[in-house]
1. For the range 327-374, state the semi-axes of the equivalent ellipsoid (square roots of 5 times the eigenvalues of the alpha-carbon gyration tensor), sorted largest first and rounded to whole angstrom.
2. So for 94, 158, fewest C-beta neighbours within 10 Å to most, what's the order?
3. Taking N as the number of residues in the range 28-168, what is its alpha-carbon radius of gyration divided by 2.2 N^0.38 Å?
4. Report the FRET efficiency, 1/(1 + (r/R0)^6), for residue 106 and residue 201, where r is their Cβ-Cβ distance and R0 is 25 Å, rounded to 0.05.
5. Order of 325, 54 from fewest to most other C-beta atoms within 10 Å?
6. So for the pair residue 244, residue 120, with labels modelled 7 Å out along Cα→Cβ, what separation do we get in nm?
7. Would you list 263, 182 from fewest to most Cβ contacts within 10 Å?
8. If you look at just the Cα atoms of the range 244-443, how large are its Rg and its Dmax in Å?
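Every number in this text was worked out from the coordinates using simple rules, so none of it is lab data. Keep in mind that this is a model prediction, so the values were computed, not measured. FYI the Cβ positions are ideal-geometry reconstructions off the backbone, even for glycines, and counts take in every protein chain you see.
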């Protein structure tokens, strides 16, 4: 420092983190929080309201229609989010769900909804979610300068929604009617659409954020966009192929999804049907409800832990956390008493939440913005299909082994999956994305491809 300089003349870069809760992120967080609450209410509403009218098979068909439509259309949702902009697709999807839930609310208030209406609205709602979710991942980079903090905060909101939503839905159906739950659900999607519509981007940011998606390719942390003639009028098949090529080019990404499909079939899918039967029969339905609440509490804890912790190798750290998830199926399979059972659910919730934040941040920061929504669609389709298959096979598998033994298999599969994650160098060595010089967010480094 020269004789004429004062302490305020120094130009050292600031050491404080950029604020998270600016206008954009606050609006996005509000939109996601209320939308997640609405999503968390609906399985209970469907199980209680539809089940009372059309039985277990009716509930299965309605929920199966929702899931099946989502799986069929989520890849297209990724293409449309890249081509037309994530926010536009998310607002449109929210408005569709305002319509579907509003129609069902009116139908329940009026009396007994016909079964065809329930199935039709479930299909439309599943299609809307397929258009919404791929863009939700990419939007985080547009509204937050520190994706990991943002993802962790959103994970806490997700956990709280799944902690409070089912209980709120059950209480409302008991005190009022199913129509009230569907009406509130429609209101959450309306508020979400309004908040997303209020997010504003500068013209340059909007071009960078959407970039028509079809031609963005990452090269050493930068993106190169194809000329307009190469992007206009592109076919859906070409866009899907480019998204697949980007997904396949990252060994760490497709390897994780393959392992996660195994987790879905052997761990996540069977856990709810088998666990609820075992815990309910041994300790009663109230004990199972308490265990689910502890799972949600653990998820909140894991999300909070992921805010300050910034491991250099996020997927390796997430794998360590996932090893702790083994405690959840293990404590159910071994017939643990209630305190140990609840502790296992807290630990499992924290483990899966921490992994989820590390995974979401890695995908967002190591994928070119122009294809991020399509890549997200591929990983969603793989993950959800594994869980759906595991749920379907859980019942028939009890003819081969007892639920306890099947959950012991789940616990073993969880450890084997973690070993597989560590064994793949592209996953184990993937580094956290380096921050940009202007603090606007991370730049993906070409590691682990």
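1. 35, 9, 6
2. Ordered by Cβ neighbours within 10 Å, fewest first: 158, 94.
3. The range 28-168 yields a ratio of 1.10.
4. Once the sixth-power term is evaluated, E becomes 0.10.
5. Neighbour counts put them in this order, fewest first: 54, 325.
6. 3.4
7. Ranking 263, 182 by Cβ neighbours within 10 Å, fewest first, gives 263, 182.
8. My reading of the Cα-based Rg and Dmax gives 17.7, 60 Å.
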